[in-house]
Amino acid sequence: MERLQKVIANSGYTSRRNAEKLILDGKVSVNGDIITELGVKVNPSDEIMVNGALISSQTKKLYFLLNKPREVISSASDDKGRRTVVDLIDTTERIYPIGRLDYDTTGLIILTNDGDLTNHLSHPRNNIKKTYLAKIEGILSKDDIINLKKGIVIDGRRVDTSNFKVKQKDLLKNTSLVEITIVEGRNHIVRNIFASLKHDVIKLTRTNYAFLSSDNLKSGEYRELSLKEVKKLFSL
Ligand code: URA
(Lines give C-alpha, C1' and ligand atoms only; values in the text may rest on other atoms or scores of the structure.)
Protein backbone atom coordinates (compact mmCIF):
# COMPACT_ATOMS: atom_id res chain seq x y z
CA MET A 1 0.00 0.00 0.00
CA GLU A 2 1.25 3.47 -0.85
CA ARG A 3 0.06 6.96 -0.16
CA LEU A 4 -2.32 8.26 -2.78
CA GLN A 5 -0.34 11.44 -3.49
CA LYS A 6 2.83 9.39 -3.98
CA VAL A 7 1.14 7.08 -6.47
CA ILE A 8 -0.19 10.05 -8.43
CA ALA A 9 3.24 11.70 -8.46
CA ASN A 10 4.99 8.47 -9.42
CA SER A 11 2.61 8.03 -12.33
CA GLY A 12 4.24 11.14 -13.80
CA TYR A 13 0.94 13.05 -13.74
CA THR A 14 2.24 15.85 -11.52
CA SER A 15 4.46 16.64 -8.53
CA ARG A 16 3.73 15.22 -5.08
CA ARG A 17 2.83 18.68 -3.76
CA ASN A 18 0.43 19.30 -6.61
CA ALA A 19 -1.06 15.85 -6.12
CA GLU A 20 -1.79 16.76 -2.50
CA LYS A 21 -3.51 19.94 -3.65
CA LEU A 22 -5.59 18.00 -6.19
CA ILE A 23 -6.70 15.63 -3.42
CA LEU A 24 -7.63 18.48 -1.07
CA ASP A 25 -9.50 20.16 -3.95
CA GLY A 26 -11.62 17.03 -4.40
CA LYS A 27 -10.28 16.23 -7.87
CA VAL A 28 -9.19 12.69 -7.04
CA SER A 29 -11.27 9.54 -6.69
CA VAL A 30 -10.35 6.01 -5.66
CA ASN A 31 -12.65 3.27 -6.92
CA GLY A 32 -15.29 5.91 -7.59
CA ASP A 33 -15.14 7.63 -4.17
CA ILE A 34 -13.88 11.21 -4.08
CA ILE A 35 -11.01 11.51 -1.57
CA THR A 36 -10.33 14.84 0.13
CA GLU A 37 -7.85 13.89 2.87
CA LEU A 38 -4.17 13.13 2.59
CA GLY A 39 -3.81 10.01 4.74
CA VAL A 40 -5.34 7.54 2.28
CA LYS A 41 -3.28 4.59 1.08
CA VAL A 42 -3.97 2.63 -2.08
CA ASN A 43 -2.80 -0.58 -3.68
CA PRO A 44 -1.98 -1.31 -7.32
CA SER A 45 -5.43 -2.72 -8.09
CA ASP A 46 -7.25 0.47 -6.98
CA GLU A 47 -8.72 2.61 -9.74
CA ILE A 48 -7.45 6.15 -9.29
CA MET A 49 -8.94 9.01 -11.29
CA VAL A 50 -7.57 12.56 -11.34
CA ASN A 51 -9.66 15.24 -13.02
CA GLY A 52 -11.60 12.44 -14.67
CA ALA A 53 -8.49 10.74 -16.10
CA LEU A 54 -7.42 7.27 -15.06
CA ILE A 55 -4.03 7.17 -13.39
CA SER A 56 -2.17 3.95 -13.52
CA SER A 57 0.07 3.21 -10.60
CA GLN A 58 1.73 0.75 -12.93
CA THR A 59 3.07 3.48 -15.22
CA LYS A 60 6.24 2.17 -16.72
CA LYS A 61 9.28 3.86 -15.29
CA LEU A 62 11.45 5.40 -17.95
CA TYR A 63 15.12 6.32 -17.72
CA PHE A 64 17.01 8.06 -20.50
CA LEU A 65 20.60 9.19 -20.69
CA LEU A 66 20.97 12.18 -23.03
CA ASN A 67 24.08 13.87 -24.34
CA LYS A 68 22.67 17.38 -24.23
CA PRO A 69 23.70 19.76 -27.00
CA ARG A 70 24.27 23.51 -26.49
CA GLU A 71 21.31 25.88 -26.62
CA VAL A 72 18.88 23.47 -25.07
CA ILE A 73 17.18 24.17 -21.78
CA SER A 74 17.20 21.61 -18.95
CA SER A 75 13.54 21.64 -18.01
CA ALA A 76 10.34 20.00 -19.14
CA SER A 77 8.98 23.20 -20.70
CA ASP A 78 10.15 26.73 -21.41
CA ASP A 79 8.02 29.85 -21.38
CA LYS A 80 10.28 31.44 -24.00
CA GLY A 81 9.67 28.54 -26.38
CA ARG A 82 13.28 27.36 -26.41
CA ARG A 83 14.11 23.75 -27.15
CA THR A 84 14.14 21.62 -24.00
CA VAL A 85 15.90 18.37 -23.17
CA VAL A 86 12.47 16.68 -23.12
CA ASP A 87 11.87 17.78 -26.75
CA LEU A 88 14.88 15.68 -27.74
CA ILE A 89 13.44 12.42 -26.39
CA ASP A 90 10.92 10.48 -28.43
CA THR A 91 8.27 9.60 -25.83
CA THR A 92 4.71 10.57 -25.05
CA GLU A 93 5.25 10.00 -21.30
CA ARG A 94 5.79 12.95 -18.97
CA ILE A 95 9.48 12.89 -18.20
CA TYR A 96 11.79 15.53 -16.79
CA PRO A 97 15.53 15.97 -16.27
CA ILE A 98 17.28 15.15 -12.99
CA GLY A 99 19.16 18.31 -12.11
CA ARG A 100 20.25 20.92 -14.60
CA LEU A 101 22.87 21.77 -17.11
CA ASP A 102 23.14 25.39 -18.24
CA TYR A 103 21.70 26.37 -21.61
CA ASP A 104 25.22 26.42 -23.06
CA THR A 105 26.60 23.40 -21.20
CA THR A 106 26.72 20.12 -23.07
CA GLY A 107 26.89 16.57 -21.81
CA LEU A 108 25.20 13.94 -19.75
CA ILE A 109 21.81 14.37 -18.18
CA ILE A 110 19.30 11.76 -17.04
CA LEU A 111 15.60 12.12 -17.82
CA THR A 112 12.97 10.07 -16.08
CA ASN A 113 9.44 9.88 -14.69
CA ASP A 114 10.69 8.23 -11.50
CA GLY A 115 10.46 10.60 -8.56
CA ASP A 116 12.28 8.17 -6.29
CA LEU A 117 15.38 8.09 -8.49
CA THR A 118 15.24 11.88 -8.79
CA ASN A 119 15.16 12.25 -5.01
CA HIS A 120 17.91 9.69 -4.56
CA LEU A 121 20.31 11.28 -7.05
CA SER A 122 19.53 14.84 -5.95
CA HIS A 123 20.12 14.28 -2.25
CA PRO A 124 23.47 15.80 -1.20
CA ARG A 125 23.99 12.90 1.24
CA ASN A 126 24.47 10.49 -1.65
CA ASN A 127 27.52 12.32 -3.02
CA ILE A 128 26.89 11.60 -6.69
CA LYS A 129 30.07 12.37 -8.61
CA LYS A 130 29.93 14.39 -11.81
CA THR A 131 32.90 15.04 -14.03
CA TYR A 132 33.16 18.13 -16.19
CA LEU A 133 35.60 19.21 -18.85
CA ALA A 134 35.97 22.98 -18.75
CA LYS A 135 37.74 25.08 -21.34
CA ILE A 136 38.77 28.17 -19.47
CA GLU A 137 40.36 31.52 -20.22
CA GLY A 138 43.98 31.69 -19.13
CA ILE A 139 46.38 29.30 -17.48
CA LEU A 140 45.94 28.20 -13.85
CA SER A 141 48.57 29.79 -11.62
CA LYS A 142 50.30 28.06 -8.70
CA ASP A 143 47.91 29.88 -6.35
CA ASP A 144 44.89 28.73 -8.38
CA ILE A 145 46.12 25.15 -8.06
CA ILE A 146 46.62 25.53 -4.31
CA ASN A 147 43.15 27.02 -3.95
CA LEU A 148 41.53 24.26 -5.97
CA LYS A 149 43.29 21.67 -3.82
CA LYS A 150 42.02 23.36 -0.66
CA GLY A 151 38.46 23.72 -1.94
CA ILE A 152 36.61 26.82 -3.11
CA VAL A 153 34.00 28.67 -1.08
CA ILE A 154 30.93 29.53 -3.14
CA ASP A 155 28.15 31.51 -1.47
CA GLY A 156 29.57 30.71 1.94
CA ARG A 157 29.86 26.95 1.41
CA ARG A 158 33.08 25.13 0.56
CA VAL A 159 33.08 22.91 -2.50
CA ASP A 160 35.57 20.06 -2.64
CA THR A 161 37.44 20.91 -5.85
CA SER A 162 40.51 18.81 -5.13
CA ASN A 163 39.74 16.22 -7.80
CA PHE A 164 40.92 18.04 -10.93
CA LYS A 165 43.46 17.68 -13.67
CA VAL A 166 44.83 20.22 -16.15
CA LYS A 167 44.52 18.29 -19.41
CA GLN A 168 45.86 20.92 -21.80
CA LYS A 169 47.40 24.37 -21.81
CA ASP A 170 47.33 26.48 -24.96
CA LEU A 171 49.84 29.23 -24.35
CA LEU A 172 49.18 30.82 -27.74
CA LYS A 173 45.44 31.11 -27.28
CA ASN A 174 45.81 31.54 -23.52
CA THR A 175 43.26 28.86 -22.68
CA SER A 176 43.32 25.64 -20.66
CA LEU A 177 41.31 22.47 -20.52
CA VAL A 178 40.59 21.34 -16.98
CA GLU A 179 38.79 18.18 -15.91
CA ILE A 180 37.09 18.45 -12.54
CA THR A 181 35.01 15.97 -10.56
CA ILE A 182 32.64 17.28 -7.89
CA VAL A 183 29.64 16.01 -5.98
CA GLU A 184 27.92 19.40 -5.90
CA GLY A 185 24.58 19.97 -7.55
CA ARG A 186 24.28 23.73 -7.22
CA ASN A 187 23.44 25.66 -10.37
CA HIS A 188 26.39 27.14 -12.32
CA ILE A 189 28.75 25.58 -9.81
CA VAL A 190 31.65 24.90 -12.20
CA ARG A 191 31.41 28.35 -13.80
CA ASN A 192 31.32 29.88 -10.31
CA ILE A 193 34.35 27.87 -9.17
CA PHE A 194 36.46 29.15 -12.04
CA ALA A 195 34.97 32.65 -11.85
CA SER A 196 36.16 32.83 -8.24
CA LEU A 197 39.68 32.18 -9.58
CA LYS A 198 39.14 34.87 -12.27
CA HIS A 199 38.99 32.41 -15.15
CA ASP A 200 35.94 32.54 -17.38
CA VAL A 201 34.59 29.23 -18.62
CA ILE A 202 34.45 29.28 -22.43
CA LYS A 203 33.02 25.79 -22.89
CA LEU A 204 31.66 23.28 -20.45
CA THR A 205 30.68 19.67 -20.88
CA ARG A 206 29.67 16.99 -18.39
CA THR A 207 31.50 13.85 -19.43
CA ASN A 208 30.52 11.56 -16.54
CA TYR A 209 27.56 11.20 -14.27
CA ALA A 210 28.35 8.73 -11.49
CA PHE A 211 29.56 5.61 -13.39
CA LEU A 212 27.92 6.70 -16.66
CA SER A 213 30.02 8.24 -19.41
CA SER A 214 29.23 10.02 -22.64
CA ASP A 215 31.62 7.91 -24.69
CA ASN A 216 29.09 6.31 -27.04
CA LEU A 217 26.61 9.15 -27.29
CA LYS A 218 27.05 11.90 -29.86
CA SER A 219 25.67 15.33 -29.12
CA GLY A 220 21.86 15.15 -29.09
CA GLU A 221 21.83 11.36 -28.89
CA TYR A 222 20.28 9.43 -26.05
CA ARG A 223 19.70 5.88 -24.91
CA GLU A 224 17.61 4.13 -22.29
CA LEU A 225 19.39 3.09 -19.13
CA SER A 226 19.47 -0.64 -18.51
CA LEU A 227 17.79 -2.13 -15.45
CA LYS A 228 21.24 -2.94 -14.12
CA GLU A 229 22.33 0.69 -14.46
CA VAL A 230 19.16 1.93 -12.76
CA LYS A 231 19.69 -0.48 -9.87
CA LYS A 232 23.29 0.64 -9.58
CA LEU A 233 22.20 4.30 -9.47
CA PHE A 234 19.79 3.47 -6.65
CA SER A 235 22.59 1.73 -4.78
CA LEU A 236 24.91 4.77 -4.76
N1 URA B 1 28.24 23.77 -13.47
C2 URA B 1 27.98 24.82 -14.25
O3 URA B 1 28.51 25.92 -14.04
N4 URA B 1 27.13 24.66 -15.27
C5 URA B 1 26.53 23.49 -15.56
O6 URA B 1 25.76 23.41 -16.52
C7 URA B 1 26.82 22.39 -14.72
C8 URA B 1 27.67 22.55 -13.68
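Please give the calculated 222 nm ellipticity per residue for the chain, where each DSSP H segment of at least 4 residues contributes -39500 (n - 2.57) and the sum is spread over every residue; nearest 500 deg cm²/dmol?
-6000 deg cm²/dmol
With Cβ to Cβ distances under 14 Å as the rule, what net charge do the other residues near Leu4 carry (K, R +1; D, E -1)?
Numbers: positive: Arg3, Lys6, Arg16, Arg17, Lys21, Lys27, Lys41; negative: Glu2, Glu20, Asp25, Asp33, Glu37, Asp46, Glu47.
With Lys, Arg at +1 and Asp, Glu at -1, the net is 0.
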- Note on the structure: Here the convex hull volume per residue of region 129-209, taken over Cα atoms and given in Å³, is 80
- Note on the structure: In region 2-54, taking the dipole from +1 charges on Lys and Arg beta carbons and -1 charges on Asp and Glu beta carbons about the Cα centre, the listed residue (Leu22, Ser45, Ile35) farthest towards the positive end is Leu22
- Task: Provide the gained length on full extension for the span Arg82 to Lys21, in nm with one decimal, where the gain is 0.36 nm per separating residue minus the Cα-Cα distance.
- Result: 19.0 nm
- Note on the structure: With T = 20 °C, eta = 1.002 mPa s and Kirkwood Rh from C-alpha pairs, the Stokes-Einstein D of the chain in µm²/s is about 108
- Quick one: putting +1 on the C-beta of Lys and Arg, -1 on the C-beta of Asp and Glu, what dipole do you get for the chain around its Cα centre, in Debye to the nearest 20? 960
- Message: With a cap of 12 neighbouring Cβ atoms within 10 Å, and only residues DSSP puts in a loop, list the trypsin sites (Lys or Arg not before Pro) found in region 61-165.
- Response: Lys80
- Query: Which of the chymotrypsin sites (Phe, Trp or Tyr not before Pro) found in region 122-219 are in a DSSP loop and have at most 13 neighbouring Cβ atoms, other than their own, within 10 Å?
  - Reply: Phe211
- Message: Need one value: the accessible area of Asp87 in square angstrom, 1.4 angstrom probe, rounded to the nearest 10.
- Response: 100
- Item | Inter-site label distance for Ala195 and Asp33 at 7 Å from Cα along Cβ, in nm | 5.4
- Query: Rounded to the nearest 10 Å², what accessible area does Ser226 show when all protein chains are kept and the probe is 1.4 Å?
  - Reply: 50
- Kirkwood hydrodynamic radius for region 58-117: how many Å is it when counted over pairs of different Cα atoms? 11.7
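Starting from the exponent 0.38 and prefactor 2.2 Å, build the expected Rg for region 1-53 from its residue count and divide its actual Cα Rg by it.
Numbers: Rg = 9.4 Å, N = 53, 2.2 N^0.38 = 9.9 Å.
Taking N as the residue count of region 1-53, the ratio is 0.94.
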- Scale the Cα Rg of region 84-192 by the rule-of-thumb value 2.2 N^0.38 Å and send over the ratio, two decimals. 1.25
- Simple spin-label model, 7 Å along Cα-to-Cβ: Glu137 to Thr118 in nm? 3.6
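Summarise the accessible area of region 2-54 (1.4 Å probe, protein heavy atoms) by the percent that is carbon and sulfur.
On region 2-54, the fraction of accessible area on carbon and sulfur atoms equals 46 percent.
For region 103-143, what class follows from the C-alpha gyration tensor (a ≥ b ≥ c being the square roots of its eigenvalues): rounded when a/c is under 1.5, otherwise prolate if a/b is larger than b/c, else oblate?
Details: a/c = 4.76, a/b = 2.00, b/c = 2.38.
Here region 103-143 falls in the oblate category.
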- Hand me the GluC sites (Glu not before Pro) from region 157-236 located in a DSSP loop with no more than 15 other Cβ atoms within 10 Å, in residue order please. Glu221
- If you count the DSSP beta bridges with both ends in the chain, what percent of them are antiparallel, to the nearest 5? 95
- Task: Calculate the dipole size of region 129-209 relative to its Cα centre from +1 charges on Lys and Arg beta carbons and -1 charges on Asp and Glu beta carbons; express the result in debye to the nearest 20.
- Result: 180
- Query: For region 129-209, with the dipole built from +1 on Lys and Arg beta-carbon atoms and -1 on Asp and Glu ones, taken about the Cα centre, which of Leu197, Ser176, Ser141 lies farthest toward the positive end?
  - Reply: Ser176
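The values are calculated or read from the model by the stated rules, or taken from the named source; none is laboratory data. The structure displayed is predicted, hence computed values, not measured ones. Glycine gets a Cβ as well: all are built from the backbone with ideal geometry, and neighbour counts include every protein chain shown. Surface areas here come from the heavy atoms of the whole protein model, side chains and all, with no ligands, DNA or RNA. Shrake-Rupley method; radii C 1.70, N 1.55, O 1.52, S 1.80 Å.
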